[in-house]
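Trainee: Let me give you the structure first, and then I'll get to my questions.
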Amino acid sequence: RVIDRLKAWFRKPDPITDIADLSGFLGQRTAFIAQKSTFEYCRMRAGLQWDKLFLEQAFVDGIERAQWVAFDSVLRSLITNADTMFVQQNLRIAPDSRLEFWRGIAADCVAMHPPPPAYADLMAATPDHVVDRLRQQLASTPLPPDDVAVEAGAVIFDVLPIHMEHRQLDRDMVVNNVRLNVMRTHEDLRDRLNTEKMQAALDSIAPAPVA
């Protein structure tokens, strides 16, 4: 019914209170941004040639590869920014568990969106890629979330299966589209995060020392 759809539209999103909520939120947003920044861009750029391009196996393979590379890259950015937010919100993770905690979140996100066999190896390595990016963030002055988001956009632009001759002027558009979606996710996480319940969930895994 129309009234039910309207109620659902205006209903406040559920809070993020535990590890399952966090994994579900990040996994869903990663998949959304990956598809929006690859499939939808290519459809827009192809225009009236879209149906013809989809008859070419090379293009189909290219867009599928782009989507999974995008998933890997976007998840790295979202988790890197989530870790920054946890610090800002004084959410404590035991220091010796911090990287493994986020590795587990990344693995959960991948498990929610199993790839086709051709990209199983890439997705199996995604949790390691997330940890590598977090190590970079922790080893130097952390990049602000906006700059982390730009990293993902640059990676995605480079793998889009549209010839460079036809997309070379679109770099800023693609990167900014990814940046805006990553930052929107960051803001939504901040707004929906119930820090008290999340800290209890974190402590149930491995109690963190109180500063």
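Trainee: Would you mind classifying segment 1-145 by shape? Square roots of the alpha carbon gyration tensor eigenvalues, ordered a ≥ b ≥ c; an a/c under 1.5 is rounded, otherwise it is prolate if a/b is larger than b/c and oblate if not.
Mentor: Working: a/c = 2.20, a/b = 1.32, b/c = 1.67.
Oblate.
Trainee: Enter the accessible area per residue of segment 1-149 (Å², integer; probe 1.4 Å; all protein chains in place). The partial results should precede the final answer.
Mentor: On the way: 8100 Å² over 149 residues.
Value returned for segment 1-149: 54 Å² of accessible area per residue.
Trainee: Give a quick list of GluC sites (Glu not before Pro) in segment 55-123 that DSSP marks as loop, anything other than H, G, I, E or B, with at most 16 other Cβ atoms within 10 Å. Please report the intermediate quantities before stating the final value.
Mentor: Working: sites: GLU56, GLU64, GLU100; in loops: GLU56.
Those satisfying the criteria are GLU56.
Trainee: Of GLY62, LEU134, ALA20, which is farthest on the positive side of the dipole of segment 1-141, counting Cα position, with +1 on Lys and Arg Cβ, -1 on Asp and Glu Cβ, and the Cα centre as origin?
Mentor: ALA20
Trainee: Here is a further query. Probe radius 1.4 Å, ligands and nucleic acids ignored: give me the carbon and sulfur share of the accessible area of segment 41-105 as a rounded percent. Working shown, then result.
Mentor: Details: 1600 of 3150 Å².
For segment 41-105, the apolar C and S fraction of the accessible surface comes to 51 percent.
Trainee: Which whole-number percentage describes the relative contact order of the chain, with Cα contacts under 8 Å and a sequence gap of 6 or more?
Mentor: Working: 219 pairs, mean separation 75.1, N = 211.
Relative contact order here is 36 percent.
Trainee: Next question, about the same structure. Return the FRET efficiency for the residue pair PHE54, ALA20: r is the Cβ-Cβ distance, R0 is 41 Å, and the value is rounded to the nearest 0.05. Can you show the working numbers first?
Mentor: Details: r = 36 Å, r/R0 = 0.89.
With R0 = 41 Å, the Cβ-Cβ based efficiency is 0.65.
Trainee: Between beta-carbons, use under 11 Å as the cut-off and find the net charge around ALA94, counting Lys and Arg +1, Asp and Glu -1.
Mentor: Numbers: positive: ARG92, ARG98; negative: ASP96, GLU100, ASP203.
Around ALA94, the surrounding residues sum to -1.
Trainee: Name the long-range amide H neighbours of LEU193: under 5 Å, sequence gap of 5 or more, or other chain; modelled H, no Pro or chain starts.
Mentor: ILE16
Trainee: Name the shape class, rounded, prolate or oblate, that the alpha-carbon gyration tensor gives for segment 62-112, where a ≥ b ≥ c are the square roots of its eigenvalues, rounded holds for a/c under 1.5, and otherwise prolate holds if a/b is larger than b/c and oblate otherwise. Kindly include the intermediate steps, with their values, before the conclusion.
Mentor: Working: a/c = 3.68, a/b = 2.13, b/c = 1.72.
Cα axes put segment 62-112 in the prolate bin.
Trainee: So for each of 185-193, 166-174 I average, over its residues, the number of other beta carbons within 10 Å; can you give me the resulting order with the highest mean first?
Mentor: On the way: 185-193: 17.2, 166-174: 13.6.
In decreasing order of mean packing, 185-193, 166-174 become 185-193, 166-174.
Trainee: Just name one of VAL175, ILE162, ASN194: the one whose Cα is farthest towards the positive end of the charge dipole of segment 42-201 (beta-carbon charges, Lys/Arg +1, Asp/Glu -1).
Mentor: Farthest along the dipole direction, towards plus: ASN194.
The values are calculated or read from the model by the stated rules, or taken from the named source; none is laboratory data. Since the model is a prediction, treat every value here as computed from it, not as a measurement. Note that we place each Cβ from the backbone using ideal geometry, even for glycine, and neighbour counts take in every protein chain shown. Calculation scope for accessible area: heavy atoms of the full protein, side chains included, ligands and nucleic acids excluded. Shrake-Rupley method; radii C 1.70, N 1.55, O 1.52, S 1.80 Å.
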